[in-house]
1. Can you check what the Kirkwood hydrodynamic radius comes to for the range 157-201, Cα pairs only, in Å to one decimal?
2. Expressed in nm to one decimal, what extension gain is obtained for the pair Ser160 and Glu51 from 0.36 nm per residue of sequence separation less their Cα-Cα distance?
3. What percentages, rounded to whole numbers, describe P(r) for the range 115-218 computed over all alpha carbon pairs with 10 Å bin width beginning at zero?
4. So if R0 is 45 Å, what FRET efficiency would Thr240 and Glu76 give, r being the distance between their Cβ atoms, rounded to the nearest 0.05?
5. With +1 on the Cβ of every Lys and Arg and -1 on the Cβ of every Asp and Glu, and nothing else charged, how large is the dipole of the range 68-144 about its Cα centre, in debye rounded to the nearest 20?
6. Which values of log₁₀ I(q)/I(0), to two decimal places, follow from the Debye formula for the range 35-142 at q = 0.14, 0.15 Å⁻¹ with a uniform point scatterer at every Cα?
7. Ordering Trp229, Trp260 from largest to smallest accessible area (1.4 angstrom probe), what's the sequence?
8. Once ligands and nucleic acids are excluded and a 1.4 Å probe is used, how much of Ile26 is accessible, expressed in Å² to the nearest 10?
Amino acid sequence: MRRFLNVRMVLEGGKQPKSMEECTDIYFKSVGRGQPLLLNVPPDTTGVLPEDFVDRVSELGETIRDTFRTDLTKQEGVTAEATAVRGNSPTYAAANVLDDDSDSYWTMDDGQTTGSITIDLGGTKLFDIVSIEEYIELGQRISDFTVDVHTSSGWKEFGSGHTIGAKRLVRGAPVRADQIRVNITGSQAVPLIENIGAFKAEGAFEQESIMPEGLSMIDDREFDRSDGWNLETIDGVNDTGMWANPGAEASFTFTGTKAWIVGTKIPQPWYDGRICGRKFGCNP
């Protein structure tokens, strides 16, 4: 991955280096979208790069190396399969996305612009970044895609986007999963995928998990619901939510001794229910 530092600017006294949070945002919005990294690190009035700026760039470099040192898709026992392969030929097999050959790729027959490829990690792994690369020598083609992960509760969406290009880094909260599925839902021509990787972010690259270690999530889309519920896409857990007027019912089954129900804070109690026959309620 290429990194560029713009040194045409001259630093005046009192300027501070970007925080690691800002550097992280820049990294995933540039390198994570197939673009060069531009940090704008200027020298001071004597022509020297300030030490605190150099330290910050070094910290960013270390975070990048630590994060991408281990690709979980390049481990022993990892396999790949796809919904279709061009001419059923091993030259274009799904397994090509797992090798280190920049001239090999997975593709389908001409005219097919949607399809999916599934990576079996050979066991449950913890990761929070999925990397996807098109075979860019033949052009950028993909226009829409989603990434799903298979957890103990089944398949769920990990992320989505439009273009992929030379590289796309899909970043989310840490997840434990044994399979990754990349779904191509739109493409200008038959898609060509050169590489798929999975990584565990380190340092400032890591996003805080919405759940404590050891807990499993049951999304509201998995609830058994009576009539009257309205499903929504929200800025919240899994980007899903639902609401209903009084009288509607919803239920779910879990294994364990405790359960937490996450809801929107409102000024009055909004639900009650029973767990193993015991009544409970919510009073924000």
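1. Numbers: mean 1/r = 0.0809 Å⁻¹.
Final number for the Kirkwood radius of the range 157-201 is 12.4 Å.
2. Values: separation 109, 0.36 × 109 = 39.24 nm, distance 3.88 nm.
Stretched out fully, the Ser160 to Glu51 stretch lengthens by 35.4 nm.
3. 15, 47, 29, 8, 1
4. Numbers: r = 36 Å, r/R0 = 0.80.
Step by step, r from the Cβ atoms, then E = 0.80.
5. On the way: 5 positive and 15 negative charges, 38 e Å.
Charge dipole of the range 68-144: 180 debye, to the nearest 20.
6. Reported log10 I(q)/I(0), two decimals: -0.74, -0.80.
7. Working: Trp229 60, Trp260 170 Å².
The ranking, largest first, comes out as Trp260, Trp229.
8. Near enough 40 Å² of accessible area.
The values are calculated or read from the model by the stated rules, or taken from the named source; none is laboratory data. Quick caveat: nothing in here was measured; it's all calculated off a predicted structure. Cβ: placed from backbone, ideal geometry, glycine included. Neighbour counts: every protein chain shown. We work out accessible area using only protein heavy atoms, side chains counted, and drop any ligands, DNA or RNA first. Shrake-Rupley method; radii C 1.70, N 1.55, O 1.52, S 1.80 Å.
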